[in-house]
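Every number in this text was worked out from the coordinates using simple rules, so none of it is lab data. This structure is a prediction, so every number in the text was calculated from the model and none was measured. With ideal geometry, Cβ positions are generated from the backbone for all residues, glycine too; neighbour counts draw on all protein chains shown.
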Amino acid sequence: MNNAVKRKRRTKMKSAKTVAKHIIEMEKGALDKYYAGDMTGYYDIWSHDDFSYFDT
């Protein structure tokens, strides 16, 4: 595997980690609001145009 391919893979991994970190931060923020009695945390991060909700 050449250096250009390795560099491209590292960039993709960093990008995926950045997206995952952002999603986790949004989830934690919504949970913090929920635990404080504010039910709007998830409403704020859901898409207002299209979303799916599953309750188990």
> Karplus couplings for region 28-38 from phi (6.51 cos²θ - 1.76 cosθ + 1.60, θ = phi - 60°), rounded to Hz, Gly and Pro as x?
Replying inline: 4, x, 5, 5, 4, 4, 4, 5, 8, x, 9
> So, in Å, what gap is there between the alpha-carbon centers of region 9-27 and region 31-46?
Replying inline: 22 Å
> Do the sum for the chain: with -39,500 (n - 2.57) for every DSSP H run of n ≥ 4, divided by all residues, what is the mean residue ellipticity at 222 nm, to the nearest 500 deg cm²/dmol?
Replying inline: -24000 deg cm²/dmol
>> Need one number: the % of Cα-Cα pairs in the chain sitting beyond the 13 Å mark.
In response: 71 percent
> Which of THR40, THR11, PHE54 sits closest to the plus end of the dipole of the chain, meaning its Cα is farthest towards the positive end, when Lys and Arg get +1 and Asp and Glu get -1 on the C-beta?
Replying inline: THR11
